[in-house]
Amino acid sequence: MIDIFTTGGTIDKVYFDALSEYQIGPTTLPDMLRENNVYAPHRVTQLMRKDSLDLTDADRALIHDAALASDADKILITHGTDTIVETGKALADIADKVIVLTGALQPASLRNSDAEFNVGFALAAVQTLSKGIYVAMNGQVFDPNITVKDRMAGRFKSL
């Protein structure tokens, strides 16, 4: 069983007008997984609906506690990309599970989104990596302790 926890972020953003005003909507992950014929046993729990820039230490503690309390040893967390590395670091003391965080640079609702690829890639990663905490984005797996988001390039890189 893979536990999938959603926290919001760009992957779940819904835009309402040309001025790019948005809200974090209900997660589209169950629909995405069904439409892509994902049969790996999983359960999806929406923990919160926040932009990652709005996450607090209390929110990170909630994510941590949900991962720690899970009976699954494989956990995927969807998360906003701006602070995904910080949340990865906050999970560092959970040593007996594979935890993979992923997100998207474009909302899942947009045609040119990287969301479906990133979720699929992260699902494969969580099933094949050894125990530890990882960030999986755009075809690469990163250690959050040595990773930064390069906002200018629109990608992640290891230091």
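FYI, it's all coordinate maths here, none of it is from the lab. These figures come from a predicted structure and were not determined experimentally. Every residue, glycine as well, gets a Cβ built from its backbone with ideal geometry; the counts of neighbours run over all protein chains shown.
Can you tell me which residue in the range 117-150 is farthest from Thr81 (Cα to Cα), limited to those that are of a type in the set (A, V, I, L, M) and more than 13 Å from the chain's Cα centre (by Cα)?
Leu129
In the range 38-62, how many are touching a helix residue (DSSP H, G or I) at 6+ places or on another chain (Cβ under 6 Å) and either under 20 Å from Val141 (Cα atoms) or not in a strand (DSSP E or B) (or both)?
1
Read through the list (1) touching a residue at least 12 places away in the same chain (Cβ under 8 Å); (2) at positive phi, then give the number of the only condition that Asn37 fails.
With respect to (1) touching a residue at least 12 places away in the same chain (Cβ under 8 Å); (2) at positive phi, Asn37 is out only on (1).
Only residues that are over 19 Å from His64 (Cα atoms), touching a Lys or Arg at 6+ places or on another chain (Cβ under 7 Å) and surrounded by fewer than 16 Cβ atoms within 10 Å (Cβ to Cβ): list them for the range 107-137, please.
Matches in the range 107-137: Gln127 only.
Please go through the range 85-104 and give me each residue that is in contact (Cβ under 8 Å) with a residue 40 or more places away in the chain, buried (at least 18 other Cβ atoms within 10 Å of the Cβ) and either in a loop (DSSP other than H, G, I, E, B) or not β-branched (Val, Ile, Thr) (or both), ordered by number.
Gly88, Leu91, Leu101, Gly103, Ala104
Might you check whether a residue that is under 24 Å from Pro30 (Cβ atoms) and outside any loop (DSSP other than H, G, I, E, B) occurs anywhere in the range 142-154?
No, because not a single residue in the range 142-154 is under 24 Å from Pro30 (Cβ atoms) and outside any loop (DSSP other than H, G, I, E, B).
Quick check on my filter: what residues within the range 27-53 are farther than 16 Å from Val126 by Cβ and surrounded by 14 or more Cβ atoms within 10 Å (Cβ to Cβ)?
Thr27, Thr28, Pro30, Gln46, Leu47, Met48, Arg49, Lys50, Asp51, Ser52, listed by residue number.
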